[in-house]
Amino acid sequence: MAIWCARLAIDRWQLAEGPRADPVALISESAHGPRITAVNAAARDAGVRPGTMLTDARALCPDLAAAPADPAGDLALLESLALWAQRWGPWSALDPPDGLLVDVTGVAHLFGGEQMLLADAAERLGARGFAARLAIAPTAGAAWALAHYGPERAVLSRASPLGGGGRRAAADGEGLGRQTGPHRPAFGGPPPPEGEDLGALHELPVAALRLDPATLLVLRRLGLKRIGELSGVAREALARRFRSVRAPAANPLVRLDQLTGKVPEPLLPVLAQPPPLVQRRLLEPIRHRPLLDQVLGDLADDMVRVLEGQALGARRLDLALWKVDGEVIQRRLELAAATRAAAHITRLFAAKLDDIDAGFGIELARLTASWCEPLALSQRDFEAAAEAHGTSLAACIDRLSVRLGAGAIRRPEPVAGHWPERAQRWLAPLDQGRAAQESLAFHARPLKLLDRPELIAVIHASPDGLPRRFRWRGSLHEIVRAEGPERIAPEWWRERGAARLRDYYRIEDAAGRRYWIYRHGHAADGRGGTPEWYLQGLCS
């Protein structure tokens with residue numbers, strides 16, 4: 001079942017601000033000024049249309065009131081509607097920016113049939129203040145096409161394959177959605193000649209295939225305006241025209257096969273994300289405040305562990321206490337910033353529990369984080385933790401060394417060195433090492449250096465030109481981008497007189513992999529011998 005809330009943005013605005021009898025338009029900023037994205041009924045009657053500039057619209061309707069659009073809020077509302085729409089099927093999916101797709105396979109009889117299911121959906125959506133067009137069809141593409149370009153409520157029967165010869169479309173109401181022009185869909189017409197089995201869909205415009213504007217423009221220039229005309233064209237001719245197109249929205253053949261069910265169309269269902277929740281069922285009802293504070297502290301510790309596992313922090317916490325007589329006591333806590341501090345949560349809730357009357361006792365306590373925000377994990381101070389829990393960094397290293405081996409725990413330290421393999425050294429974990437200012441500052445280095453540079457064969461345009469391709473570990477790599485050279489001279493105080501300089505290049509092959517290579521020596525350096533190429537690092 002496809003649900004198209006054609007006026008979702010303006011309906012949401014009217015629900016928040018109240019109905020308005022005067023013309024109102026929602027606007028968004030563009031490169032040329034404010035542009036209208038949605039209008040109410042009064043503005044539509046005055047001739048204002050979405051997509052026009054605000055200044056042009058006010059020339060037609062001087063009394064037009066403008067309010068800023070909120071696409072993020074509209075998407076959040078659509079997500080909540082998707083969860084709410086699962087009352088008609090096991091799962092639902094978004095069809096941005098203003099539509100939903102609900103799987104109603106095998107559930108129509110629970111509502112008295114497909115027509116009754118559509119009537120129930122239209123009634124419930126109308127009660128919530130949303131005008132919607134609905135359609136039921138065997139495929140998502142067919143349901144979308146009927147909802148947007150068919151009658152207000154339409155059902156494509158499942159009695160026979162899509163197309164003529166038994167396929168019917170039952171319509172209730174009038175309206176053509178976004179279809180323009182004098183032609184209306186003729187449901188139940190003759191099937192298209194020598195084409196796909198489309199039946200009631202073959203008179204719909206090609207825009208019902210959910211194609212992008214560029215593809216629609218190409219089809220209109222070819223004289224193909226209806227789905228039936230598209231299916232009547234030789235498939236080989238369309239395949240040649242759109243052979244290199246991979247995106248479904250730009251390939252009419254893929255959309256046509258999805259419409260008829262010959263190609264599956266995966267949909268991403270919207271799943272409810274339950275809020276973090278912890279609770280304690282008490283063996284004996286509690287009536288005294290110290291015991292309640294202890295239970296609250298345990299709940300806070302449990303909630304912190306749950307939030308840490310999801311990398312979240314709580315902004316709103318709801319505490320519910322069930323009494324023996326059935327009464328539920330609720331307290332809410334709003335926080336200025338996301339937190340996972342159990343002591344902080346317990347201290348703030350303690351001030352809200354002074355007026356609680358436990359009666360015959362409390363037997364269940366539940367804590368829910370109804371509003372959460374991402375909160376990255378932070379490294380704790382080991383020395384501070386040592387004072388509280390008796391654990392220090394040295395003790396942690398000792399445990400790891402016993403488990404992994406004495407030489408397995410090391411830390412790198414930068415040192416002053418021209419050549420990359422000499423620019424760092426490994427120390428014991430707690431050794432102080434040298435001062436950090438002794439290291440040298442260079443250009444960006446790759447994250448991974450090989451233990452030893454590996455010899456490679458390189459082809460270049462000229463002795464001093466950029467490399468064009470290279471062979472490494474038996475594979476030939478075409479170089480599409482190269483940057484360099486970065487020349488590094490040898491350390492003359494360490495090397496012998498025959499040491500040669502290095503020219504480093506950052507390169508990228510055709511597969512997008514990036515490497516750090518260098519040429520050892522120069523043809524005119526007077527050191528003799530042909531320069532050799534080495535691969536030393538892998539870039540991110």
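The values are calculated or read from the model by the stated rules, or taken from the named source; none is laboratory data. Not measured: the values here are computed from a predicted model. So basically every Cβ, Gly included, is an ideal-geometry build from the backbone, and we count neighbours across all protein chains shown.
The requirement of being in the same structural domain as ARG473 (by TED's automatic domain parsing), at pLDDT 75 or above, under 13 Å from TRP419 (Cα atoms) and surrounded by 16 or more Cβ atoms within 10 Å (Cβ to Cβ) is fulfilled nowhere in the stretch 521-529; no residue meets it. Taken over the stretch 312-338, the residue count meeting the criterion of being in contact with a strand residue (DSSP E or B) (Cβ under 7 Å, 6 or more places away or on another chain), at pLDDT below 90 and among the small types (Gly, Ala, Ser) is 1.
Go through the stretch 39-98 and give me each residue that's among the acidic types (Asp, Glu) and more than 19 Å from GLN14 (Cβ to Cβ). Quick ask: steps written out before the conclusion?
Step one: list which residues in the stretch 39-98 are among the acidic types (Asp, Glu), which gives 45, 56, 63, 70, 74, 79, 95, 98.
If the condition is that a residue be among the acidic types (Asp, Glu) and more than 19 Å from GLN14 (Cβ to Cβ), then ASP56, GLU79, ASP95 are the ones that fit.
In the stretch 463-476, the residues that are more than 13 Å from TYR534 (Cβ to Cβ) reach residues that are among the small types (Gly, Ala, Ser) and surrounded by 15 or more Cβ atoms within 10 Å (Cβ to Cβ) with C-beta atoms within less than 9 angstrom, at least six apart or across chains, in these pairs: LEU466/ALA482; LEU466/GLY484; ARG468/ALA482.
For the stretch 441-453, a residue qualifies if it is surrounded by 11 or more Cβ atoms within 10 Å (Cβ to Cβ) and either assigned to a loop (DSSP other than H, G, I, E, B) or modelled with pLDDT under 80 (or both), and the qualifying residues are PHE442, ARG445, PRO446. Checked against the criterion of being assigned to a loop (DSSP other than H, G, I, E, B) and in contact with a Gly (Cβ under 8 Å, 6 or more places away or on another chain), the stretch 481-491 contains one or more residues that satisfy it.
Each row is one residue, and each column tells you yes or no for (1) of a type outside the set (A, V, I, L, M); (2) modelled with pLDDT under 90; (3) in contact with a Pro (Cβ under 7 Å, 6 or more places away or on another chain); (4) closer than 15 Å to CYS5 by Cβ.
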residue	(1), (2), (3), (4)
GLU114	yes, no, no, no
ALA119	no, no, no, no
ALA131	no, no, no, yes
HIS148	yes, no, no, yes
PRO151	yes, yes, no, no
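Screening ASP302 against (1) touching a residue at least 12 places away in the same chain (Cβ under 8 Å); (2) under 30 Å from TYR149 (Cβ atoms) leaves a single unmet condition, (2). Considering only the stretch 263-282, I want to know if a residue exists there that is on the phi < 0 side of the Ramachandran plot and small (Gly, Ala, Ser). The answer is yes, given that some residue of the stretch 263-282 is on the phi < 0 side of the Ramachandran plot and small (Gly, Ala, Ser).
Residues in the stretch 197-215 that are out of contact with any helix residue (DSSP H, G or I) (no Cβ under 6 Å at 6 or more places or on another chain) and farther than 18 Å from ALA147 by Cβ were compared, and the one that is modelled with the lowest pLDDT is ASP197.
Determine, yes or no, whether LEU299 is assigned by TED's automatic domain parsing to the domain that holds LEU283, under 15 Å from PRO275 (Cβ atoms) and in a strand (DSSP E or B). In short, no.
Look at (1) farther than 13 Å from TRP419 by Cα; (2) without any contact (Cβ under 8 Å) to a residue 24 or more places away in the chain and you find that ALA510 fails only one, number (2). Going through (1) part of a strand (DSSP E or B); (2) without any contact (Cβ under 8 Å) to a residue 40 or more places away in the chain one by one, VAL263 falls short only on (1). Whether any residue in the stretch 31-38 is surrounded by fewer than 16 Cβ atoms within 10 Å (Cβ to Cβ) and either closer than 21 Å to ALA132 by Cβ or not aliphatic (A, V, I, L, M) (or both) is what I want to check. The answer is yes; a qualifying residue exists.
Being assigned to a helix (DSSP H, G or I) and within 30 Å of ALA336 (Cβ to Cβ): is that true of GLU308 here?
Details: assigned to a helix (DSSP H, G or I): yes; within 30 Å of ALA336 (Cβ to Cβ): yes.
When the stated conditions are applied, GLU308 passes them.
Applying the set (1) in a helix (DSSP H, G or I); (2) surrounded by 13 or more Cβ atoms within 10 Å (Cβ to Cβ) to PRO290 leaves exactly one unmet item: (2).
Just give me the residues in the stretch 456-509 being of a type in the set (Lys, Arg) and either touching a Lys or Arg at 6+ places or on another chain (Cβ under 6 Å) or within 16 Å of ARG527 (Cβ to Cβ) (or both), in sequence order.
We begin by selecting, within the stretch 456-509, every residue of a type in the set (Lys, Arg); these are 468-469, 471, 473, 481, 487, 494, 496, 500, 502, 506.
Correct list: ARG487, ARG496, ARG500, ARG502.
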